[in-house]
Structures are given as structure tokens and as C-alpha cells.
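First up is the structure itself, then whatever we jot down about it.
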Amino acid sequence: MKIFFEKICFNLSVFLFGTYFCIVLFSFKVFAETGFQPSPACATCHENKYMEWRASAMMLGMNDKIFKKLYEIAPDEKKKECLMCHSPAAFLNGDFGFKLLLSKENIPCDFCHTAKRIIKGGKFDFYEFEPGLMKRGTLKSPDTNLHEGVYSPLHDDSKFCSTCHQYRLKETLTIDTVYAEWLKSGYGNKGKHCQDCHMAPYSVKYDDMEETYYHHTFDGPMKIFFLIDEENKCVEFISKSIDIGAKIVKDKRKSEIKIDLTNSGIGHLLPGSAHGLRRLGLKVMAFNEKNKKVLEGEEILGVILANKNNEEVPFFWDAEKIKSDNRIFPNEKRGFTFISDSSVKSVVIRLVEHLIPKETAEILGIQEYEVLLKEYEFSQ
């Protein structure tokens, strides 16, 4: 029995050493190709963070179905700009055929954790990188083994996110203003940054100190649609950030369904712009006392991009101006009224996010991609 147990231990040791050795070789190969470490190498010590990243929008990158379709038809000069955020390793290494292993990781761990500072740019800012064994992050006192670590105030700040979430299409037209919206929101004055919502922080107490860690889940509506919001945390966090209030005002001739929608906990306009693609739909259905539907309507909110003739364009690269923008500001309460006949007894309100407008989806030959954010029912 003892000999058998020793053989099992020996074989297990060989297997573990062999696995570790393969990871080291793989890591060295990718590092030699690009100067960046592959994300699986991080998993040996940071498995929980790696698994969160694996199921996040950061891993979608080039695998995002909508992005793939848009990238296929985008003008060549725009494709390089797309890659700066959707596959930065491909852009930095000129790997536009996606032959390098790291290019297929989309937004890898090392992309953020070797960023040293932000360099001002024309259409958008970008990072100055320092690839190597020094990793930067939010830990005040990093305890490291296989690499060095240092606290980076930049990684704690919304400014870090601005490089990919503030985009100027041309000198006179900025079509993604998420960072600027946050700056105006007042959340920064309260010490609340992008990371506090999209990377929910948590604290761990040690003997003589307390350290704040961040989840690497990057929560948002895309996770809900692409079925990587396994514990419904995205639905939960978005739902509690939007308040819905409603009532029915009747007279003999009609029913007025009055709805208040409040952006109570989101640090940017609702919905986000996403290059003019996102739409928020306020859907309303009303029923009489026999449960017969007597009203169905939808109010659409979003950024509408247009050409020089003020005609709506389906793709952002053709835009010359913003035709309209009726999104809801942080902490704003917006009222809506839907009118039906006087028989209304109950109402169902559904708040949905369209990841891509119906017209654009039809041109691309893909489905519309609708995500349910919140549902509210009441009767009178």
C-alpha cells in the first residue's frame, strides 16, 4: 500500500511539474513574441481573477458577434483604431492577421497591468506600457513572488478607463463621451469611480491591515446577452441603479399611464453610447379587466448619428453630426406618458437595452440583441 501511495504521489508531482513547465514555456514563447505575458500564466497564482476575466466583456473583444460584423465592413483606417481597444496586442505588434497567441486573448491581463501612464492623443488617449515583470494595480502593499508589484493610483481612477471610453471620430464630433459624462455626474466628487460599479470592490482583513480588492467581472449589459452573467449579478446591479415609478390617471374618455424613469445609480448617461449603437427601450403594455391587451408602445432613448444632410446613418464612421441625443443624465428623473382608452386595469413595463439598432442589425444580417434590464407590473 505504501509503495502504491508513493507511486501516486510521484506521478502527481511529475504531472504538476510538467503542467507548470508547459505554462512557463508557453509564457516565455508569447513574451518573446510580444513583450507581454499570456493571461493563462497569471492563472497559476490568480486563478479567481483569471476565471472572472475569462467570463467578462474583456474576453469578448474580437469574439463579440456585433464587433466582428462591424469590423468586417469597416474602412481600413478605422480597423486599426478598433483594434487599439478590442485587441490591443494585435495593434501594438502589427499583427493584423491575428497570428500571435496574445492577439487572440482580446484584452489580456498584461494590457492593463503593465500600463504605466496615459498619453494624450488626437481621437483618443492611449497608454504608455512597460512590459516585463513589474505589474501595476490597486493593491497598496502587493505581496508578490514570481514578479514585482507596485501600487498605481491610475488603476484606482476612472481616468484609466477613459482611453477606450472617450472617442472623437473627428475634430468636430465626439461620439463616445462616457468618461466626460462621469466627470460631470458628481460621482467623482463622492469618490466613486468606474471600477466601483463595474469591478465591485471587496475588503479582506489581515492581522495588521485591510486590503481592498476588485472583482475582474467588468459587469455590464453585454454579459447578460452573451450568457456569461451566470449568477445574474449584472442584471441585479443594473436593475438597482434604475428606478421606475408609475400610475394611471383616468377620466371617462382615456387612461394616461404616467411613468417616471430615474437614472439613480449609473455614473454616465443611460444608455451608454457605444459609438451610437445602444438604445434603451421603455416598453409598455396595458390590459383591461378581462386581461385583454388595449395598448402596446415603446419609447426609444439613445444617440442618433447623421450625415451632413441630417440623415440617420447606421455606422458611426459615416457620421458627420449628432442628430439627436435623448438619453437620461445621472440622477435625472424623466417622465413619460402613454395614452390608452379608459378601460386600463393593469400595466406591464419592461425596460430593455438594444445592443444594436434594428436597422443596423438588418443591414449586418444579425439579430437585434435585446437585453431585459428591469420589469415592473402594477394594477389599479
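The values are calculated or read from the model by the stated rules, or taken from the named source; none is laboratory data. All values reported here derive from a predicted model rather than from experimental measurement. Because the Cβ atoms are built from the backbone with ideal geometry, glycine has one as well, and the counts that use them run over all protein chains shown.
The test for being more than 25 Å from Phe316 (Cβ to Cβ), under 21 Å from the mean Cα position of the chain (by Cα) and buried (at least 18 other Cβ atoms within 10 Å of the Cβ) holds for Cys109. Candidates Glu368, Glu375: the one that is within 22 Å of the chain's Cα centre (by Cα) and exposed (fewer than 14 other Cβ atoms within 10 Å of the Cβ) is Glu375.
In this structure, Glu359 qualifies as part of a helix (DSSP H, G or I) and in contact (Cβ under 8 Å) with a residue 12 or more places away in the chain. Among the residues of region 183-233, those identified as touching a residue at least 40 places away in the same chain (Cβ under 8 Å), part of a helix (DSSP H, G or I) and of a type in the set (A, V, I, L, M) are Met222, Ile224.
Search region 274-317 for residues being small (Gly, Ala, Ser) and not in a strand (DSSP E or B), and hand back the single one that is surrounded by the most Cβ atoms within 10 Å (Cβ to Cβ). My answer is Gly276. For region 51-71, the set of residues classified as under 17 Å from the mean Cα position of the chain (by Cα), in contact (Cβ under 8 Å) with a residue 40 or more places away in the chain and in a helix (DSSP H, G or I) consists of Glu52, Trp53, Ala57, Met58, Met59, Leu60, Gly61, Met62, Asn63, Lys65, Ile66, listed by residue number. Cβ-Cβ contacts under 6 Å between residues 6 or more apart (or on different chains), taken from a first residue in region 148-172 that is touching a residue at least 24 places away in the same chain (Cβ under 8 Å) and under 17 Å from Glu320 (Cα atoms) to a second residue that is in a strand (DSSP E or B) and of a type in the set (Ser, Thr, Tyr), are listed as Arg168/Thr174.
Checked against the criterion of being closer than 30 Å to Glu47 by Cβ and among the polar types (S, T, N, Q), the candidates Asn232, Asn291 yield just one match: Asn232.
Filter region 331-365 for residues that are of a type in the set (Gly, Ala, Ser) and within 25 Å of the chain's Cα centre (by Cα); which is farthest from Lys252 (Cα to Cα)? Talk me through it step by step, then tell me what you get.
Of all residues in region 331-365, those of a type in the set (Gly, Ala, Ser) come to 335, 340, 342-343, 346, 361, 365.
Retained after the next criterion (residues that are within 25 Å of the chain's Cα centre (by Cα)): 361, 365.
On the way: Ala361: 42, Gly365: 47 Å.
Selected residue: Gly365.
Could you tell me whether Lys323 is more than 29 Å from Ser239 (Cβ to Cβ), crowded, with 16+ Cβ neighbours inside 10 Å, assigned by TED's automatic domain parsing to the domain that holds Ser239 and not aromatic (Phe, Trp, Tyr)? Yes. Lys135 - would you say it is in the same structural domain as Met209 (by TED's automatic domain parsing), part of a strand (DSSP E or B) and either loosely packed, with under 13 Cβ neighbours inside 10 Å or at pLDDT 90 or above (or both)? Judged against the criteria, Lys135 is a match. Scanning region 319-343 for residues that are part of a strand (DSSP E or B) and of a type in the set (Asp, Glu) gives a single hit, Asp325. If only residues of region 74-98 that are within 20 Å of the chain's Cα centre (by Cα) and not charged (D, E, K, R) are counted, the one that is farthest from Ala319 (Cα to Cα) is Ala89.
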